[in-house]
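**Q** One structure, pasted below without further comment.
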Ligand SMILES: Cc1ncc(COP(=O)(O)O)c(C=O)c1O
């Protein structure tokens, strides 16, 4: 409980800034005061690396390649103003009111249009509108996971899912990815091992298209095999697909949901990357018994998704231009992706490798093993540039020499300059490493002076 002296002061008697700043930092006295109150699960809760970074990268001088931000400046302000004005004039009372937990039918119809664009036709009764895709992941975990339950995901996985799985105390097993997405052969042996141990994973979580963070896409054969394995083992697959419509090259792949028909695949979607993350509107499609529990979880969590922003989605879709807006995003992001790939070639050392995404928002770069990208981030921030260190995408400490780089939220100059700055700090680390691992040098008398042991830098393959 707050001590009398800790109580907020009234009206004009405002605390001096220094005092407020001090109070913003937790003291050991605070820790003692609250320690006995925390639930056990808080011990395994993890902070989201991207959320932490957002506070630092909000500084205007920082070039952030860390966020997963779509470029919302591309959305025409006049369209936004006209739609919000229309809502205010025509539907003010409803738009400002609570709505149904499962979402408005009209929002669901807009979602059906988006899903149809990728060949999916869900029954709208099997769909709940959520507060972003993130809430859908949280509700699925809340519905299905008891502490210690196995969950399988990609290695690396979406960094925002890591804190969610941790807070429900899942036993997360990560399956390697390569250029064709999750290694389904490895998944198969993980499933066999779990079966032999009498354990049944609650679900397999996958971002099959333009994965966050690796940018890779699950191949058609692996999609078929993954859905087949789900059927054979009677395991749910959570398909998280925020980027499917943001394809810059190559042929579209069928979503897992379309291949499976919705028996074993739970589908998560969002308007965040194709319209706006600020509106916080996403959705989940699940088999009816699972959806019912998810709905109960949502009631307890937030009653309903913002009615105001659901009205905005409805108005926006009524205009009929949502596909052409996505086409304009594709043009912009394709150019930014190409700019980033070009800048990487110019500024990263030859020992680095990176993925070449056909869509989405991210490139995943892997540096020589002696570089730890968590340490490197501190150096990069001093040069006013940020990325997400690879460890954020793992639960087991792997990913130490990798980084996630976002190309959608920065313009051409920022991308080039950002990659140049990161390339410079990487270059310094490589030079330092080479200095301390120099072979012994011959002294003036021709006798070898002792030097450090030479550890070879393993060359890495660069993607085409
Ligand atoms: C794979 C993935 N899932 C879910 C989300 C969360 O998105 P939303 O803004 O819809 O909550 C993101 C956001 O970056 C994402 O990349």
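**Q** Working carefully through the options 356, 345, 366, find the one that is modelled with pLDDT of 95 or more and under 30 Å from residue 114 (Cβ atoms).
**A** Just a single option satisfies the conditions, and that option is 356.
**Q** Can you say whether residue 231 is closer than 18 Å to residue 158 by Cβ and modelled with pLDDT of 95 or more, as far as the supplied structure shows?
**A** In short, no.
**Q** For the stretch 183-218, which positions are without any contact (Cβ under 8 Å) to a residue 40 or more places away in the chain and either away from the ligand (no atom under 16 Å from the Cβ) or closer than 22 Å to residue 149 by Cα (or both)?
**A** Of everything in the stretch 183-218, those that are without any contact (Cβ under 8 Å) to a residue 40 or more places away in the chain and either away from the ligand (no atom under 16 Å from the Cβ) or closer than 22 Å to residue 149 by Cα (or both) turn out to be 183, 185, 186, 189, 190, 192, 193, 195, 196, 197, 198.
**Q** Can I ask one more? Which condition from (1) over 22 Å from the mean Cα position of the chain (by Cα); (2) within 16 Å of the ligand (Cβ to nearest atom) is the one that residue 290 breaks?
**A** Checking residue 290 against (1) over 22 Å from the mean Cα position of the chain (by Cα); (2) within 16 Å of the ligand (Cβ to nearest atom), the one that fails is (2).
**Q** Continuing with this model, one more query. Check the stretch 168-182 and report whether any residue there is assigned to a helix (DSSP H, G or I) and touching a residue at least 24 places away in the same chain (Cβ under 8 Å).
**A** no
**Q** Could you look through the stretch 131-145, keep only residues that are closer than 16 Å to residue 159 by Cβ and near the ligand (Cβ under 9 Å from one of its atoms), and pick out the one that is surrounded by the most Cβ atoms within 10 Å (Cβ to Cβ)? If you could, list the steps in order and put the result at the bottom.
**A** At the first step, the residues of the stretch 131-145 found to be closer than 16 Å to residue 159 by Cβ are 132-134, 137-138, 141.
Right, trim to near the ligand (Cβ under 9 Å from one of its atoms) and you get 132-134, 137.
Numbers: 132: 21, 133: 26, 134: 23, 137: 23.
Per the criteria, the residue is 133.
**Q** Might you check whether a residue that is in contact with a helix residue (DSSP H, G or I) (Cβ under 8 Å, 6 or more places away or on another chain) and within 14 Å of the ligand (Cβ to nearest atom) occurs anywhere in the stretch 219-232?
**A** no
**Q** When you look at residue 157, is it within 15 Å of the ligand (Cβ to nearest atom), over 16 Å from residue 284 (Cβ atoms) and modelled with pLDDT of 95 or more, yes or no?
**A** Yes.
**Q** Which members of the stretch 378-408 meet the condition of being under 18 Å from residue 62 (Cα atoms), in contact (Cβ under 8 Å) with a residue 24 or more places away in the chain and either out of contact with any strand residue (DSSP E or B) (no Cβ under 8 Å at 6 or more places or on another chain) or surrounded by fewer than 22 Cβ atoms within 10 Å (Cβ to Cβ) (or both)?
**A** Result: 379, 381, 383, 384, 408.
**Q** Go through the stretch 272-298 and report how many residues are farther than 23 Å from residue 121 by Cβ and buried (at least 24 other Cβ atoms within 10 Å of the Cβ).
**A** Final tally of qualifying residues: 1.
**Q** Mind telling me which of the residues 163, 147, 76, 159 ends up being farther than 23 Å from residue 360 by Cβ and in contact (Cβ under 8 Å) with a residue 60 or more places away in the chain?
**A** Answer to the check: 147.
**Q** Another one. Within the stretch 260-271, can you find the residues that are more than 16 Å from the ligand (Cβ to nearest atom) and surrounded by 18 or more Cβ atoms within 10 Å (Cβ to Cβ)?
**A** 260, 262, 264
**Q** Also, quick follow-up: Of the residues that make up the stretch 126-137, is at least one closer than 28 Å to residue 317 by Cα, part of a helix (DSSP H, G or I) and free of Cβ contacts under 8 Å to residues at least 24 places away in the same chain?
**A** Initially, the stretch 126-137 is screened for residues closer than 28 Å to residue 317 by Cα, giving 126-137.
The next check asks that each one be part of a helix (DSSP H, G or I); those that pass are 126, 132-137.
Filter once more, keeping what is free of Cβ contacts under 8 Å to residues at least 24 places away in the same chain: none.
No, the stretch 126-137 contains no residue that is closer than 28 Å to residue 317 by Cα, part of a helix (DSSP H, G or I) and free of Cβ contacts under 8 Å to residues at least 24 places away in the same chain.
**Q** May I ask you to say which residue of 314, 334 is within 30 Å of residue 402 (Cα to Cα), away from the ligand (no atom under 16 Å from the Cβ) and surrounded by fewer than 21 Cβ atoms within 10 Å (Cβ to Cβ)? Full working, then the answer.
**A** Values: 314 fails: within 30 Å of residue 402 (Cα to Cα).
Result: 334 is the single residue among 314, 334 that is within 30 Å of residue 402 (Cα to Cα), away from the ligand (no atom under 16 Å from the Cβ) and surrounded by fewer than 21 Cβ atoms within 10 Å (Cβ to Cβ).
**Q** So residue 413 fits all but one of (1) assigned to a loop (DSSP other than H, G, I, E, B); (2) surrounded by fewer than 17 Cβ atoms within 10 Å (Cβ to Cβ); what number is the exception?
**A** Only one criterion in (1) assigned to a loop (DSSP other than H, G, I, E, B); (2) surrounded by fewer than 17 Cβ atoms within 10 Å (Cβ to Cβ) is unmet by residue 413, namely (1).
**Q** Same structure, new question: Hey, residue 192 hits all of (1) over 19 Å from residue 114 (Cβ atoms); (2) crowded, with 22+ Cβ neighbours inside 10 Å but one; which does it fall short on?
**A** (2)
**Q** So, one more: Give just the number: which of (1) in a helix (DSSP H, G or I); (2) under 16 Å from residue 211 (Cα atoms); (3) in contact with a helix residue (DSSP H, G or I) (Cβ under 9 Å, 6 or more places away or on another chain) does residue 340 not satisfy?
**A** Of (1) in a helix (DSSP H, G or I); (2) under 16 Å from residue 211 (Cα atoms); (3) in contact with a helix residue (DSSP H, G or I) (Cβ under 9 Å, 6 or more places away or on another chain), only one is false for residue 340: (2).
**Q** Here is a further query. Which condition number does residue 55 fail, the rest of (1) within 30 Å of residue 416 (Cβ to Cβ); (2) within 16 Å of the ligand (Cβ to nearest atom); (3) part of a helix (DSSP H, G or I) being met?
**A** For residue 55, the failing item is (2).
**Q** Out of everything in the stretch 279-305 that is out of contact with any helix residue (DSSP H, G or I) (no Cβ under 9 Å at 6 or more places or on another chain) and in contact (Cβ under 8 Å) with a residue 40 or more places away in the chain, what residue ends up being farthest from residue 143 (Cα to Cα)?
**A** Only one residue tops the list, namely 303.
**Q** Shifting gears a bit: Take the conditions outside any helix (DSSP H, G or I) and either in contact (Cβ under 8 Å) with a residue 24 or more places away in the chain or out of contact with any helix residue (DSSP H, G or I) (no Cβ under 6 Å at 6 or more places or on another chain) (or both) and apply them to residue 83. Does it pass?
**A** So residue 83 fails the test.
The values are calculated or read from the model by the stated rules, or taken from the named source; none is laboratory data. Keep in mind it's a predicted model, so treat the numbers as computed, not measured. Quick reminder, even Gly has a Cβ in these numbers, built from the backbone with ideal geometry, and neighbours come from all protein chains shown.
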